[in-house]
């Protein structure tokens, strides 16, 4: 019974739904996303973005800035014992005029 409850708890705290969360980031612009208790991040192509995680009011936020045009997948939440994570499909695009 405890294992079943633990499994339900882990599933309910996971932030990933049906695939990646799509983000469009203009060159030189910063987007911020609330990532709850997720900590740590990595991207398939880190040369496309500049990113950081910071904490405010007991929540973590992922701030990502477009550096070079292209597409990369980024995972926010790399701690092995924290079941909360997000996967973002980041599209860095030219600035709109």
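FYI, it's all coordinate maths here, none of it is from the lab. All figures in this text were calculated on a predicted structure; none of them were measured in a lab. Cβ placement follows ideal geometry from the backbone for every residue including glycine, while neighbour counts extend to all protein chains displayed.
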(request) Rounded to the nearest 0.05, what FRET efficiency do residue 81 and residue 58 give with R0 = 22 Å and r taken as the Cβ-Cβ distance? Could you check? (result) 0.70
(request) May I ask you to order 76-83, 51-58, 64-71 by the average number of other C-beta atoms within 10 Å around their residues, highest value first? (result) 64-71, 76-83, 51-58
